[in-house]
Each structure stands twice: as C-alpha cells, then as structure tokens.
1. Please list, in order along the stretch 52-61, the HN-Hα scalar couplings obtained from phi with the Karplus expression 6.51 cos²θ - 1.76 cosθ + 1.60 (θ = phi - 60°), rounded to whole Hz, x for Gly and Pro.
2. What does the charge dipole of the stretch 30-174 about its Cα centre add up to, to the nearest 20 debye, if the Cβ of each Lys and Arg holds +1 and the Cβ of each Asp and Glu holds -1?
3. How do Ile183, Ile38, Ile80 rank when sorted from fewest to most other Cβ atoms within 10 Å of their own Cβ?
4. Kindly put His173, His86 in sequence by how many other C-beta atoms sit within 10 Å of each C-beta, fewest to most.
5. In the structure shown, do any of Lys78/Lys121; Lys78/Lys145; Lys25/Lys89; Lys15/Lys98; Lys25/Lys81 have a Cα-Cα gap over 21 Å, and if so which?
6. Each residue of the stretch 64-73 in order: what ³J(HN,Hα) in whole Hz does its phi give by Karplus 6.51 cos²θ - 1.76 cosθ + 1.60, θ = phi - 60°, with x for Gly and Pro?
Amino acid sequence: MANISAENLNTSSVKFSEIILQTVKIARPTHWVKNLAIFAALAFSGNLFNKVLLGKTLVAFFSFSFAASATYIFNDIKDIKLDQIHPIKRMRPIAANKLPLLVAKFAIFYFLLASFFISTKLNPLFLLMLIGYAFLQLAYSLGLKNLPIVDILVIATGFIIRVYAGAFVIDAHLSVWFLLCVISLALFLASGKRRAELGVVSAIQKTTRKSLARYPRVLLDAYVTMFGNAAWLSWAIFTFFESPPASTPVWLFLAELSRTTAISKLLMITIPVVIFGIMRYQALIFQNRTEAPEKLFLTDKPLVFASILWITMVVFILYGGVVAPS
C-alpha cells in the first residue's frame, strides 16, 4: 500500500509539474520582448535612471505582459482546429492536447486578475490603456484577424498602445515625430508577420488564417517595402528635429569644438544602424522567418547585434557624459 501511494504521489507530482510547464508555454514569455516598448517613453524623456519612474515602468511591464499572455491563451483556445494543421502552431500546448482546456481558461482568469490588480497601483490612464488593449485583442481573436488590412492595423495598434501605456505611467510627453516612428515600425513588423505566414501556408498548401487568402503576395511585398522605408525615414526625421539637450560635459565640449559635432547632430549617427536592422529584418521576411518576430529579436545574431548597438548608442548619446556623484 505504501509503495502504491508513493507511486500515485510521484505520478501526480509529474502531472502537476507538466501542467505548470505547459501553462508557462502558452503564456509565451518570449513574446514579452514586445512589451519592452513600454520603456520607450522612459528612455526618450531622459528618465531612464530615475529609480522611481524606472520602478513604475518595470511594474507596468509585468502588468501588461500578464494581460498579453491572457489574450494569447484566449486566441489559442479559439484557434485550436486551425493551429493543429499549422506546421509551427500545432506544437503549442493546447493544439497538441498537452494542456486541458479548463486549466487554460483558469490561466486566462488569473493572468487578467494579476494584470488588473497591479495596474490599479499605477496611473489610471495606464489601466484604461490596458483595458483597451485587452478588448482590442478580444475583438481581434473573435473576428478582426480575418479582415485583410484591418488585421495588420490591429497588430500595429497593439505596439502603439504599448508605447503610450509606458508614457502614461510616468506622465511623459511623446513627440509627434517619435509617434510616427512607432507607427511606421509597427506597420512594418505587422505586414512582415503576415508576409511570412503567407509563405508558410503556401508551402503546406493549407490556409490557417482566412485573411491570408485575400492577400496577394505582391501586395504584402509592397506593404513590407513601403513601411520599411517609412520606418527608417521617420527615425531619420526624428533625429533631425528632436535634439536632446546639451547639458553634460562631454557634449558641451563637442558643441564648443565644432557645430558639426553639436549634440543636435549626434543621434543622426544611429541612422545607418537602423537601416541595417530594417534591411536584415526585410531579408528574414522574404525567407518566411518573421511569423514570430519576438524570437528573431532574441536569436538572429545580426538582428540582436544591431538592436544592442542601437540601444547602446542611443543611451550613450542621451545620457553620456553624466558624472556619477561622489
């Protein structure tokens, strides 16, 4: 009897740990990299090293990530049959029957509960943005994703909401030029996602998303090209017109040395890095590898290098020369 009880206990333990593992998988923590957009307002408002505002933004990041995970799980439940014939999505826990639907539904509830509870401790406008995002994703899963063009606009809107949610948390101003950068990049990523999906379903000759059947390949190619150009051009315009203040010793010295090296020109040196990043990502789009962009930004070496280099350059230009207090 003791041996039987021990075996049952071990079996239950294995099942429980497997359920936890599969629940983590359906939450898609790798997708949380998209929520780093919440930190954009903090960085470009000059408050990156403000401990209070950094703490608020970090809390907002987790709040938004929990809400996003809830929407991912809901979408997986809604798309079980379609995911099961998709070469990649069929491996997801729900589509692969590795996680009971009841557990998945409970996970949605608890992720939303945690998200909204955390958000009540932050700016009320952040909570409204979070609720708006959740309803938008709900509408997307229930039908908007089947409407061509609208589905791309909804995906892009999700990125814009992330950026503005971060701005509301710290009550920061975002310039119209920066907003243009965000919109252009969001549309580029969204159209690239659809273009990659089209390439995958063409290879298996099965349609796993209704809107894809209404997208000619040449149209998505045109979208990718158009929004890719808009993304780097809007960043270039931002660097031309949005100049950080020359308030630190290093940049003041450079400004005195020559107007050519003035602080208002320094952000422009990031433009080639942005162009390289756009070109690299566009190459991946036409290789049908951008269906999951969050994974590429974590695994593709050229893209990772370009991202780290860009972040380093921007932070150094905006915050460089700051003398640490003695």
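Only the coordinates and a few stated rules stand behind these numbers; no lab work does. Quick caveat, the model's predicted, so the values are computed rather than measured. Note that we place each Cβ from the backbone using ideal geometry, even for glycine, and neighbour counts take in every protein chain shown.
1. 5, 5, 5, x, 4, 5, 5, 4, 5, 4
2. Numbers: 13 positive and 5 negative charges, 65 e Å.
For the stretch 30-174, the charge dipole is close to 320 debye.
3. Ile80, Ile183, Ile38
4. Details: His173 9, His86 20.
Ascending Cβ contact count within 10 Å gives the list His173, His86.
5. Pairs exceeding the cut-off: Lys78/Lys121.
6. 5, 5, 5, 5, 4, 4, 4, 5, 4, 5
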